[in-house]
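To start, the structure under review is shown below, and the notes come after it.
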Amino acid sequence: MTKRHYRRNHQQLARATGRRAVLAGIGAAAVSASALSLLPLRSARAEAQFTLRLASWGAPTAPQVVNFVGPFQKAVEAESHGRISVQSFPAGSLVKEQAVPAAIQSRVVDISLTTMGSWASIVPTAGVLNTVFFSPVAADFEKAIGPETPLFNTLDQAMAAHGVRLLAVLYNGPVVVVSRAPMDSPAAFRGKTIRVFDRLTAQIVQALGGAPSTIEVADVYPALERGTVQGAIGGLEGAIGLKEYEVSKYLLATNGVFGLLITGYVMNRSALDALPPDLQKVVLDAGHTIGVETTKAMIAAYARELDAMRQHGMTVTVLEPGKPPYRAFTEALASLKKSQEAQFPPDLVKQVVDAQR
């Protein structure tokens, strides 16, 4: 082969190799561009995942826990198609009863069971539920403060201004007093140390001449056993769940004279707002719907629980309208009722009164 032929072949080979390199580069770029074009599509298809931490306290078998937490968790996860996961922290393992307001506002937890009275100092409107003049009978509870009622919406709006949303308001029924000695008259409270759980129960004990003591629900049993307190005001479900009948012999069912024990589930507002609108609706709808069903279960359980206390050997006294103990307690608390009404705007008091008609 002559040198001229060699140079020509070499140039042709170089040009061919260059064309293949260019084509390869174009092909690679095309593949790369194709891959990049898929990324937004894949990102759009990828569902966001959210985890909500739900805390409860007290007896895990209490209706306000067992009838709400599991069904709420199941409904939210199913209706969100797995986009929301609900983690449950029961029996005060994450948040204690008295610490709920601070824990919710600081987002230590996203959702929690709460006593509505514990919000009275933070959300003054919530205090109206924590009075002796708000005590609708069980059959009228949802009509008074069920989801989408004026009173529910008023409370939800007031709490939202403090970074909290209302998911459910639950009827725990009239509070009960468990004690080591009979406490079936106002005079029996004088000079006694009584466990209370919120502002209202403390005011009631003081109005009756007793000394209120704020202790955690888990500490009630040993306090009664040792005689640190002579009695304890609380919910009937909690008294049964914590077996307080083992360390006390008497139970006073106040039948609305002391107001109602109202619990509920609240949510950190920023945690709700962080969800897409469709998932916000899932959470709110689940809270509202399951809250109503939970209240039904709690109402049905109340009479059975009173009988259970009798079967455990407790002497049960029920305050009944028209009978002397009922009248005596009503008269002893009349001044408290009047002072409580004066603490709230007249239009709010009217709304509460109208809601109970």
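The values are calculated or read from the model by the stated rules, or taken from the named source; none is laboratory data. Model, not experiment: these values are computed from the prediction. Counting neighbours? That spans all protein chains shown, and the Cβs are built from the backbone with ideal geometry, glycine included.
So if I check each of Val128, Val123, Val169, which one is over 15 Å from the mean Cα position of the chain (by Cα) and crowded, with 24+ Cβ neighbours inside 10 Å? From the options Val128, Val123, Val169, the qualifying one is Val128.
Across segment 190-203, the qualifying residues are those that are without any contact (Cβ under 8 Å) to a residue 40 or more places away in the chain and not aliphatic (A, V, I, L, M), and the one among them that is nearest to Glu331 (Cα to Cα) is Arg190. Of the residues making up segment 50-64, those that are modelled with pLDDT under 95 and not aromatic (Phe, Trp, Tyr) are Gly58, Ala59, Pro60, Thr61, Ala62, Pro63, Gln64.
Here Ala334, Ala297, Ala342, Ala274 are screened, and the one residue that is more than 17 Å from Phe72 (Cβ to Cβ), in the same structural domain as Val95 (by TED's automatic domain parsing) and among the small types (Gly, Ala, Ser) is Ala274. Annotation note: of Gly241, Gly227, the sole residue that is farther than 13 Å from Val175 by Cα and at pLDDT 95 or above is Gly227. Residues in segment 278-332 that are closer than 17 Å to Pro63 by Cα, touching a Leu at 6+ places or on another chain (Cβ under 7 Å) and of a type in the set (Gly, Ala, Ser): Gly287, Gly291. Counting the residues of segment 309-325 that are part of a helix (DSSP H, G or I) and either surrounded by 15 or more Cβ atoms within 10 Å (Cβ to Cβ) or of a type in the set (S, T, N, Q) (or both) gives 3.
Applying a threshold of 6 Å to beta carbon distances and a minimum spacing of six or more residues, or different chains, the list of pairs starting in segment 222-245 at a residue that is in the same structural domain as Thr295 (by TED's automatic domain parsing) and surrounded by fewer than 18 Cβ atoms within 10 Å (Cβ to Cβ) and ending at one that is of a type in the set (Phe, Trp, Tyr) and assigned to a helix (DSSP H, G or I) is empty.
Of Leu261, Leu275, Leu336, all but one fail to be buried (at least 16 other Cβ atoms within 10 Å of the Cβ) and in a helix (DSSP H, G or I); the exception is Leu336.
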